[in-house]
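No value in this document is a laboratory result; all are computed from the given coordinates. What you see is a predicted model; the values in this text were computed from it and never measured. Cβ coordinates were reconstructed from backbone atoms using ideal geometry, including for glycine residues, and neighbour counts include every protein chain displayed.
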């Protein structure tokens with residue numbers, strides 16, 4: 001290996017960019033590997049961010065660019081490449097003497113292979129989609145995948161939540177505090193979430209359940225104006241006028257290429273606030289790790305914590 005970095009940061013969403021900034025300030029020889037030509041992760045596709053301290057109402061693309069400008073201003077190094085798999089080698093290994101050596105991680109990408117003594121995995125997660133007409137076209141224009149991010153924009157309006165698990169129920173309860181009407185659309189005739197949450201949801205006067213129902217189409221011209229829904233038992237379709245739809249049918253962490261590298265839980269890399277995983281020198285930050293709250297502000301904090309942990313590991 002011609003060059004071994006102190007740290008490779010895989011991903012350039014808020015967690016990866018924050019990690020890059022903190023790594024540069026720590027004077028680590030680090031490289032951020034990003035698969036897209038535009039940094040920022042999911043945030044760049046967000047119409048408006050209104051809950052990041054100090055930047056109320058900022059456009060998501062502009063926020064991503066501000067994060068990147070900060071990193072560029074400090075001299076953070078970037079490479080555009082797509083990770084294919086990671087191999088763990090060992091530096092200073094001497095089988096004859098029984099010396100295992102310290103791990104060296106070789107990250108094989110489409111264009112180049114990179115090596116480092118430590119890794120921060122910040123590849124994020126993606127929301128499962130309904131894959132119905134109008135969803136992609138109206139994303140950020142009334143179609144949302146995060147009630148806590150975007151709920152405030154729908155105060156005193158009519159919205160729908162699609163899903164039947166804990167997240168969907170929690171989203172509906174949250175939205176019911178400020179929205180005029182909340183429809184909960186679930187393809188089955190009973191919810192899958194915790195009973196205590198179900199009881200709370202069903203007690204709310206401005207929540208209406210649409211059982212055994214699926215979304216056929218999201219309607220609107222530049223902004224969501226309603227849904228076409230179908231009852232799966234009767235086959236009957238109907239129009240549902242509203243201004244927003246929150247899709248909560250699951251999240252998929254971008255972790256497939258790290259299978260076997262560190263412990264996972266349903267695809268999420270197991271790590272606490274320190275970012276430490278079960279693999280020495282490997283840290284996880286942002287939406288790809290096990291955590292309760294997936295927000296920009298927690299991703300940024302994860303990036304900082306992971307670098308602090310990597311610093312301690314490298315100094316040992």
Practice problem: Report the FRET efficiency, 1/(1 + (r/R0)^6), for residue 128 and residue 221, where r is their Cβ-Cβ distance and R0 is 22 Å, rounded to 0.05. | Solution: 0.30
Quiz prompt | GNM result for the chain, Cα springs below 10 Å: residue of 199, 208, 136 fluctuating most strongly | solution = 199
Exercise. Springs between alpha-carbon atoms under 10 Å, Gaussian network over the chain: tell me which of 190, 48, 263 tops the mean-square fluctuations.
Key: 190
Practice problem: Using a Gaussian network model of the chain whose springs link C-alpha atoms within less than 10 Å, name the residue from 139, 248, 18 with the highest mean-square fluctuation. | Solution: 139
Exercise. Per DSSP H run of at least 4 residues, take -39500 (n - 2.57); add these up for the chain, divide by its residues and hand me the 222 nm value, nearest 500 deg cm²/dmol.
Key: -7000 deg cm²/dmol
Quiz item: Say R0 is 30 Å: what FRET efficiency, to the nearest 0.05, do residue 4 and residue 25 get from their beta-carbon distance?
Solution: 0.90
Self-check item: Within the range 256-289, backbone nitrogen closer than 19 Å to the virtual label 7 Å beyond the Cα of residue 110 toward Cβ
Solution: 256-258
Quiz item: What fraction of the DSSP beta bridges in the chain is antiparallel, stated in percent and rounded to the nearest 5?
Solution: 50 percent
Quiz item: Hey, fewest Cβ within 10 Å first, where do 181, 3 land in order?
Solution: 3, 181
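With an 8 Å cut-off on Cα pairs and a minimum separation of 6 or more residues, tell me the relative contact order of the chain in percent.
Relative contact order comes out at 20 percent.
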Quiz item: Measuring from a point 7 Å past the Cα of residue 202 along Cα-to-C-beta, which residues in the range 212-245 have an amide N at less than 14 Å?
Solution: 212
Quiz prompt | Mean projected area (nm²) of the alpha-carbon convex hull when the range 129-247 is viewed from all directions | solution = 6.5 nm²
Quiz item: To the nearest 0.05, how large is the calculated FRET efficiency for residue 36 and residue 231 if R₀ is 35 Å and r is the Cβ-Cβ distance?
Solution: 0.30
Quiz item: Relative to the present Cα-Cα distance, how much length would full extension add between residue 272 and residue 70 at 0.36 nm per residue of separation?
Solution: 70.1 nm
Quiz item: Under a plain spin-label model, where a point goes 7 Å from the Cα along Cα-to-Cβ, how far apart in nm are residue 166 and residue 180?
Solution: 3.4 nm
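What number do you get for the range 1-76 when its Cα radius of gyration is normalised by 2.2 N^0.38 Å, N = residues?
1.16
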Quiz item: Once the Cα atoms of helix 296-315 and of the chain are each reduced to a long axis, what angle between those two axes, in degrees from 0 to 90 to the nearest 10, is obtained?
Solution: 20 degrees
